[in-house]
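Trainee: Below is the structure I would like to discuss, written out as structure tokens.
Nothing in this text is a laboratory measurement; each read-out follows from the coordinates by a stated rule. This is a predicted model, so every value here is computed, not measured. So basically every Cβ, Gly included, is an ideal-geometry build from the backbone, and we count neighbours across all protein chains shown.
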């Protein structure tokens with residue numbers, strides 16, 4: 001379990017070193033209508049999240065994210081992403097807010 005958390009955290013650091021950092025808070029609303037943000041989000045998701053949440057966010061070790069109501073609840077989404085939940089590790093120190101906003105923007109495009 002601990003090893004899985006470490007691997008996920010390391011994957012973000014290794015696979016995403018050139019991604020942009022924007023410290024203007026949680027950017028989900030800003031990325032929501034941004035096609036480029038959603039495209040970046042898909043690439044970021046496929047680089048790391050797919051391992052647990054499955055292809056096209058259909059679910060796997062982690063829950064199905066496509067069409068998941070948590071995507072519409074900003075407070076719940078950011079709490080889970082930042083603090084982790086069950087076997088999902090906290091990502092607040094592993095990815096930028098912009099990266100997570102881009103992933104959320106892409107997830108919101110899925111049925």
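Trainee: Using 7 Å Cα-to-Cβ label points, what is the residue 76/residue 58 separation (nm, one decimal)?
Mentor: Reported label-point gap for residue 76 and residue 58 is 2.4 nm.
Trainee: Rounded, prolate or oblate: pick one for the stretch 39-111, where a ≥ b ≥ c are the square roots of the eigenvalues of its C-alpha gyration tensor, a/c under 1.5 means rounded, and failing that, prolate if a/b is larger than b/c, else oblate.
Mentor: Taking the square roots of the gyration eigenvalues as a ≥ b ≥ c, the stretch 39-111 is rounded.
Trainee: Right, something else. Take 92, 97 and order them by how many other Cβ atoms sit within 10 Å, fewest up front.
Mentor: 92, 97
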